[in-house]
1. Six or more apart or on different chains, Cβ under 8 Å: which pairs go from a residue in region 519-537 that's part of a helix (DSSP H, G or I) to one that's open to solvent by 90 Å² or more (accessible area, probe 1.4 Å)? Could you list them?
2. Is one or more of the residues making up region 402-412 under 15 Å from N468 (Cα atoms) and assigned to a loop (DSSP other than H, G, I, E, B)?
3. Give me the residue from region 225-266 that is of a type in the set (V, I, T) and in contact (Cβ under 8 Å) with a residue 24 or more places away in the chain and, out of that set, nearest to W302 (Cα to Cα).
4. Tell me, please, whether a residue that is assigned to a helix (DSSP H, G or I), surrounded by 24 or more Cβ atoms within 10 Å (Cβ to Cβ) and over 17 Å from the mean Cα position of the chain (by Cα) can be found in region 413-429.
5. Across region 430-468, what is the number of residues that are among the small types (G, A, S) and open to solvent by 50 Å² or more (accessible area, probe 1.4 Å)?
6. Which of the helices (runs of 4 or more DSSP H) contained wholly in region 242-329 include at least 1 residues that are open to solvent by 60 Å² or more (accessible area, probe 1.4 Å) and aliphatic (A, V, I, L, M)?
7. Of everything in region 157-198, what is open to solvent by less than 30 Å² (accessible area, probe 1.4 Å), assigned to a helix (DSSP H, G or I), over 22 Å from F223 (Cβ atoms) and not aliphatic (A, V, I, L, M)? Give them in sequence order.
8. Run W204 past the list (1) out of contact with any Cys (no Cβ under 9 Å at 6 or more places or on another chain); (2) part of a helix (DSSP H, G or I); (3) not aliphatic (A, V, I, L, M) and report the number of the one that doesn't hold.
Amino acid sequence: MGLMLTPSHLQLKNQEFPFSAAMSAKAFLLSHYSFSPPNLPRINFNVHSFYYTSASGRGRGRGQGRAPFRYGEEGLIKRNSSSWKLWADVKSKPFKIADDPLLRKKEDGDKLVGLVPLPWWEEFPKRWVIVILCFSAFLLCNMDRVNMSIAILPMASEYHWSPTTVGLIQSSFFWGYLLTQIAGGIWADTVGGKAVLGFGVVWWSVATVLTPIAAKLGLPFLFVVRAFMGIGEGVAMPAMNNILSKWVPVSERSRSLALVYSGMYLGSVTGLAFSPFLIHKFGWPSVFFSFGSLGTVWFAVWLSKAYSSPLDDPTLRPEEKKLILSSSVSKEPVKSIPWKLILSKPPVWALIVSHFCHNWGTFILLTWMPTYYHQVLKFNLTESGLFAVLPWLTMAVTANIGGWIADSLVRRGTSVTVVRKIMQTIGFLGPAFFLTQLSHVDSPAMAVLCMACSQGSDAFSQSGLYSNHQDIAPRYSGVLLGLSNTAGVLAGVFGTAATGYILQHGSWDDVFKVSVGLYLVGTVVWNAFSTGEKIID
């Protein structure tokens, strides 16, 4: 058949026309143009004739006269008095439209009555469905974690707990969190991330629901339940890292991780915003009952939609599977962990030390910020919860901004090492600077602004050290994150408990000075020893 192609249907590949007498018209046309008719199924073209005209005979092929002449077996070259022009008669090869992956058969009983486009949710990339599900899991993760930082205020009043006791309760979460970091990474890398993350969400949701009951039974029971909650949340990061290393191409790594980790920040926003309302309306136990029950909804969706690897997903479109498998890493399950090799690499230790320094400040603000607002800035319970939202909301925004910047730099040719160092340096020095300003501000508004800027710059770490595990050891990304996050959890255990002790014998300025010092140490270690290159295959 004949087909007229307009400029919108032809995409010029080269600016010059390298035309020679030995080149057939068909070869010229097919080598310089790609045929992509919009909104039509893909068509294979056979070129049967080809024409051009010239006013002056300039360029290749000149000097052959002004009369039309034949060129090769498949094309005709022609020129007139105006300009060079191209015509192509094309013929399509047979194409079964019913096989188009973007169309679905419309049936009436056993009778095929037509074809309809797939709904948008089925055309949505499956890898980003996995990313969004991981995002929502981390949303629940921090909702269930930060609700204690608000509920601890009426609980401490009701049960007459001292600041030291409050610090121990807050830190008991990290006892369990610490136990499952490396174990969760090994489990995820060997069994698969779907089962591990699903287990974690169910486990910590049950522990969240049991928290009010344990508090009424006594402190030992509360310590155990909070530690159990930490066990469930401890496997989340390694499992997520394992899944994304299989599902997400390298060029989308920073964006996907930034989105998932922004779920943590938005979880803090949601938990801190709704907890005061629920406490005032229904009492502090309602926070744990309502938040914990949401895990069952997530788990049902996770079971039906998620797979540990693109190879396991029977519904994945072939085009997307090809894209993922051609550029992602960590296809095969890990059978053994080369611990000696891993621990012998300086960039691994840079991750471990930097993770400790980063998490000291992050976890202190996560657990103690509402208390700081209540004690120092004299906000009431509702105000403490609402103003504590702002830094986490800022982190949710800046984490995604940092992710897009990092991926853009990588696509433009900046080395991954340089990108990771830039992002993590911002994630260290930004919080350090703004925390030093807290002792100089004289208004609650400026104090809240400093907190927001501190946490906002902290979120650039998602494109720094939190993306680095997949860079340097893609096959062992779950184990490596579990290893470095173990150090981060130790910072949470010691930092949260130490803050209670410091506040009982010192001031908030002393708390912030320790955090600033560790941020500076992390900056030096990270820039001296980190890399974005793969060091363990």
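1. F529/W349
2. The answer is no, given that none of the residues of region 402-412 is under 15 Å from N468 (Cα atoms) and assigned to a loop (DSSP other than H, G, I, E, B).
3. Among them, the one singled out is I243.
4. Yes, region 413-429 contains at least one residue that is assigned to a helix (DSSP H, G or I), surrounded by 24 or more Cβ atoms within 10 Å (Cβ to Cβ) and over 17 Å from the mean Cα position of the chain (by Cα).
5. Restricting attention to region 430-468, the residues satisfying the condition of being among the small types (G, A, S) are 430, 432, 439, 443, 445, 447, 452, 454, 456-457, 459, 461, 463-464, 467.
Applying the additional criterion that residues be open to solvent by 50 Å² or more (accessible area, probe 1.4 Å) yields 439, 445.
Total satisfying the criteria: 2.
6. 285-305, 318-327
7. Hits for region 157-198 are G185, D189, G193, G198.
8. Just one mismatch for W204, condition (1).
The values are calculated or read from the model by the stated rules, or taken from the named source; none is laboratory data. Here the structure is a predicted model, which is why all the values come from computation and not from measurement. So basically every Cβ, Gly included, is an ideal-geometry build from the backbone, and we count neighbours across all protein chains shown. Only protein heavy atoms, including side chains, enter the accessible area calculation; ligands, DNA and RNA are left aside. Shrake-Rupley method; radii C 1.70, N 1.55, O 1.52, S 1.80 Å.
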